[in-house]
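Structure first, then comments.
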Amino acid sequence: MISIDEFKKLEIKIGHIISAEKVPETDKLLRLSVDFGEGTARQIISGISAFFPDVSVLVGKRCAFATNLEPRTIKDLESQGMILAVSGDNFFSLLETTKDVPEGSAVK
């Protein structure tokens, strides 16, 4: 269990995926370029490739991301956040919003 004060430290924002590509020589990784309304897109590395054989379907989606995690290097690529999703034995779904939610909107 964590306290509500600890939970409040997590920053979750809506990001607009502007590009997506498979990371070469990996089976699971995708490199996403995501606009959070900050002036410069962030690079997010995510292990969701198995769920998106055609990565172009991700472009244009507005999804929830954890944006205040410390950057992490994965396969020599810096990841500047984490995309949020739900999954189970027989399902996987990104946490998406409608197109009218602006980039950088905070999830509260």
Exercise for the section: Please name all residue pairs, on different chains or six or more residues apart, with Cβ atoms under 8 Å, provided the first residue is in the stretch 22-50 and is touching a residue at least 60 places away in the same chain (Cβ under 8 Å) and the second residue is surrounded by fewer than 18 Cβ atoms within 10 Å (Cβ to Cβ) and in a loop (DSSP other than H, G, I, E, B). Expected result: ASP35/GLU103; PHE36/GLU103; PHE36/GLY104; GLY37/PRO102; GLY37/GLU103; GLY37/GLY104; GLU38/GLY104
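Mind telling me which of the residues ASP89, ASP5, ASP35 ends up being within 11 Å of the chain's Cα centre (by Cα) and acidic (Asp, Glu)? Write out each step before concluding.
On the way: ASP89 fails: within 11 Å of the chain's Cα centre (by Cα); ASP5 fails: within 11 Å of the chain's Cα centre (by Cα).
Going through ASP89, ASP5, ASP35 in turn, just one is within 11 Å of the chain's Cα centre (by Cα) and acidic (Asp, Glu): ASP35.
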Practice task
Looking only at the stretch 46-64, decide whether some residue is surrounded by 12 or more Cβ atoms within 10 Å (Cβ to Cβ), under 21 Å from ALA106 (Cα atoms) and in contact with a Lys or Arg (Cβ under 6 Å, 6 or more places away or on another chain).
Solution key: no
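Every read-out reported here was derived from the displayed coordinates using simple, explicitly stated rules and does not represent laboratory data. Keep in mind that what you see is a predicted model, and the values were worked out from it rather than measured. All Cβ positions, glycine included, derive from the backbone under ideal geometry; neighbour counts span all protein chains shown.
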